[in-house]
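The values are calculated or read from the model by the stated rules, or taken from the named source; none is laboratory data. Keep in mind it's a predicted model, so treat the numbers as computed, not measured. Ideal geometry is used to build each Cβ from the backbone, glycine not excepted, and the neighbour counts take in all protein chains shown.
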Amino acid sequence: MPWHHAILTAPCAALLLLGCTQDASDQPSPPTPGERVAFVGIQADLGSLNQHFARSALDAIVSEPLSLFLFSSHFEGGRLVYSSGLAQRWSLSQDGRELELQLRPDSTWHDGQPVRAQDVAFTFGLLADPQVGSRLVGGASQIEPGGVSVIDEHSLRLRYTQPMRLDQVQSQLGGVVILPEHLLAGTPAEELRGHGFNRAPVLNGCWQLDAWEPGTQIGLTARPWGEGPGACAPRIDRVVFRIIPEYATRLLELREGRLDIVADIRVQDLATLPPEQAELTFHRRGPRSLVYVGWNQQARAGDEPHPLLGDPRVRRALAQAVDIDAIMRDLFYDPATGETYAEPAVGAINPALAGMSGKGITPIGHDPASARTTLAAMGWRDSDGDGVLDRDGVAFRFELLTQASAASRAQAGVYVQADLAKIGVAVDITTVERATWMDRAQRGEFDALLGGWSASLYVDPTPIWHSGPDAQWNWIGYANPEVDALIERGMTAGTPEVAVSTWQAMQATVYQDQPYLFLYWADEIVAVSRRLEGVSVGIEAPWYGLEGWHLAQDGGS
């Protein structure tokens with residue numbers, strides 16, 4: 001039985017990994033009388049429910065409730081503040097080299113087996129194995145080889161390569177999803193990325209997978225467990241994520257009351273969704289989503305610089321040609337309040353983080369005349385009068401790859417296309433489904449791509465900007481030894497002050513190179529039905545804390 005055609009129930013979870021063949025359906029069961037169900041509209045299907053192999057922020061957000069992380073966190077005062085999660089107690093040695101963790105004794109996997117310290121050690125062993133290729137590899141980056149030792153069933157010790165601060169180790173470990181050794185031990189490392197576990201994971205959170213109907217919906221079922229502080233006691237029975245790629249359809253389903261939550265509401269649509277009619281509340285997340293155009297630094301057919309975009313002078317000229325303020329004004333200005341729900345970007349570190357805003361970086365202004373002058377000095381002229389620059393018989397024309405489900409980004413792409421046309425640069429927009437976009441991005445099969453990062457609230461630029469093997473999101477092939485050195489310095493900084501100054505220097509260097517056309521940080525709007533209460537919306541996620549959700553008719557009880 002295929003993995004994606006299974007309802008994962010606790011008694012069968014372990015058997016599924018061994019080929020459980022009991023009758024099952026890939027469709028979440030319909031609500032029963034009295035069952036408390038919330039419906040969330042999402043724009044695309046997922047790639048994985050195992051965060052180690054998540055391909056997007058959406059993968060991570062939807063799968064987050066399935067796991068109990070080592071540390072819980074919330075954003076406060078410009079930084080993440082950590083508290084107990086799977087780790088109930090912890091202590092860092094005086095020299096900052098050893099961290100001891102004491103785990104909750106009542107945590108269990110979805111199949112009922114206890115979560116043990118051996119599972120944590122097993123997970124960190126996977127992180128250290130480059131054949132696994134986990135996106136969470138940064139959680140083990142400073143741990144000594146063989147530096148994880150089990151003390152007993154519920155405690156273990158981590159030894160670091162150098163002195164660490166407690167906030168550093170909590171940040172690195174806080175997002176690591178622990179995996180069950182009893183189900184995955186013995187699986188070859190290179191097979192884990194394609195393992196069926198990723199579509200029907202057995203994890204340790206307050207929620208477990210009900211069913212995943214590909215392209216249609218994903219259902220999560222509440223799983224109460226434990227006692228005392230930190231115990232799981234969800235107040236609704238089920239959450240169904242309905243996959244609706246078309247933005248207009250998500251909006252219609254929201255208006256008609258068939259969805260309780262929809263994120264990424266366009267500012268222009270606020271006036272069409274009056275709260276008194278649609279029974280909705282609107283929440284602003286803050287500047288979490290960076291929208292950018294990524295310039296491929298390399299030719300598609302090899303390691304040579306891209307013939308059009310490989311020169312930083314060209315990339316700076318293209319940045320001068322695009323009127324970012326006009327894009328933000330047209331797409332994010334709310335005439336009812338006079339507010340603009342976006343701010344210009346000068347880097348990929350979230351500006352909400354204290355001291356990380358890239359202050360001191362002078363943005364490249366809108367100056368199309370200067371852009372034309374630069375390109376002309378490099379030999380780009382419209383020799384045949386067709387409106388497109390050319391040089392040595394090659395037209396300045398390239399493809400911009402966009403996603404069909406990212407409606408607001410697609411609008412930005414049209415503005416970029418129009419502004420570049422004014423300086424004689426032709427942009428052909430190709431719109432594809434999300435999975436195709438991801439595949440082409442990862443293979444480097446593009447000239448430019450319009451994308452968005454849900455930038456982490458823990459600073460680790462390695463996956464995007466480093467040129468080494470851990471840079472799994474560096475699709476554009478960016479490489480600068482100075483940036484590599486700054487990243488390594490920032491990741492091992494002995495004080496927060498050194499870290500902040502290092503990240504500011506790194507951002508300034510990257511901005512000078514212009515590997516991205518940094519557009520803006522979007523302040524996402526999330527619509528929530530009034531029938532659903534207790535929903536937390538913030539910079540951490542468009543929705544989180546599912547265990548606190550409840551229906552209005554429950555009276556908050």
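When Glu153 is tested against (1) surrounded by 17 or more Cβ atoms within 10 Å (Cβ to Cβ); (2) in contact with a helix residue (DSSP H, G or I) (Cβ under 7 Å, 6 or more places away or on another chain); (3) over 26 Å from Val62 (Cα atoms), exactly one condition is not met: (1).
If only residues of the stretch 27-74 that are of a type in the set (Asp, Glu) and under 12 Å from Val239 (Cβ atoms) are counted, the one that is nearest to the chain's Cα centre (by Cα) is Glu64. Based on this model, can you work out whether Gln472 counts as without any contact (Cβ under 8 Å) to a residue 40 or more places away in the chain and either surrounded by fewer than 19 Cβ atoms within 10 Å (Cβ to Cβ) or outside the structural domain of Ala345 (by TED's automatic domain parsing) (or both)? No, not satisfied.
For the stretch 419-448, residues that are under 26 Å from Pro214 (Cα atoms) and part of a strand (DSSP E or B) total 3. Does the stretch 147-165 include one or more residues that are touching a Pro at 6+ places or on another chain (Cβ under 6 Å), of a type outside the set (D, E, K, R) and either assigned by TED's automatic domain parsing to the domain that holds Ser91 or closer than 14 Å to Ala499 by Cβ (or both)? Yes, that holds for at least one residue.
Of all residues in the stretch 281-294, none are part of a loop (DSSP other than H, G, I, E, B) and either surrounded by fewer than 14 Cβ atoms within 10 Å (Cβ to Cβ) or in contact with an Asp or Glu (Cβ under 7 Å, 6 or more places away or on another chain) (or both).
Scanning the stretch 363-396 for residues that are more than 12 Å from Val314 (Cα to Cα) and touching a residue at least 40 places away in the same chain (Cβ under 8 Å), we see that the one that is nearest to the chain's Cα centre (by Cα) is Ile364. Applying the set (1) part of a loop (DSSP other than H, G, I, E, B); (2) buried (at least 20 other Cβ atoms within 10 Å of the Cβ); (3) out of contact with any Pro (no Cβ under 7 Å at 6 or more places or on another chain) to Thr187 leaves exactly one unmet item: (2). Being within 14 Å of Asn198 (Cα to Cα), of a type outside the set (S, T, N, Q), touching a helix residue (DSSP H, G or I) at 6+ places or on another chain (Cβ under 8 Å) and modelled with pLDDT of 95 or more holds for only one residue in Leu17, Leu66, Leu101, Leu49, and it is Leu49. Only strands (runs of 3 or more DSSP E) whose full extent lies in the stretch 26-145 are considered here, and the ones with at least 2 residues that are touching a Phe, Trp or Tyr at 6+ places or on another chain (Cβ under 6 Å) are 37-42, 71-76.
Candidates in the stretch 30-63 are the residues that are touching a residue at least 40 places away in the same chain (Cβ under 8 Å) and touching a Gly at 6+ places or on another chain (Cβ under 6 Å); of these, the one that is surrounded by the fewest Cβ atoms within 10 Å (Cβ to Cβ) is Arg55.
Annotation: of all residues in the stretch 139-150 being in contact with a Leu (Cβ under 8 Å, 6 or more places away or on another chain) and crowded, with 16+ Cβ neighbours inside 10 Å, the one that is modelled with the lowest pLDDT is Gly139.
Whether any residue in the stretch 437-460 is basic (Lys, Arg), crowded, with 18+ Cβ neighbours inside 10 Å and either farther than 29 Å from Ala128 by Cβ or assigned by TED's automatic domain parsing to the domain that holds Asp45 (or both) is what I want to check. No, every residue in the stretch 437-460 fails to be basic (Lys, Arg), crowded, with 18+ Cβ neighbours inside 10 Å and either farther than 29 Å from Ala128 by Cβ or assigned by TED's automatic domain parsing to the domain that holds Asp45 (or both).
Filtered by the rule that a residue be among the hydrophobic types (A, V, I, L, M, F, W, C), in contact with a Leu (Cβ under 9 Å, 6 or more places away or on another chain) and surrounded by fewer than 18 Cβ atoms within 10 Å (Cβ to Cβ), the stretch 396-424 gives a lone residue, Ala410. With respect to the conditions (1) at pLDDT 95 or above; (2) surrounded by fewer than 17 Cβ atoms within 10 Å (Cβ to Cβ); (3) among the charged types (D, E, K, R), Asp390 lacks only one, and its number is (2).
In the stretch 251-274, what residues are over 23 Å from Met328 (Cβ atoms) and either in contact (Cβ under 8 Å) with a residue 24 or more places away in the chain or buried (at least 21 other Cβ atoms within 10 Å of the Cβ) (or both)? Scanning the stretch 251-274 gives Glu253, Leu254, Gly257, Arg258, Leu259, Asp260, Ile261.
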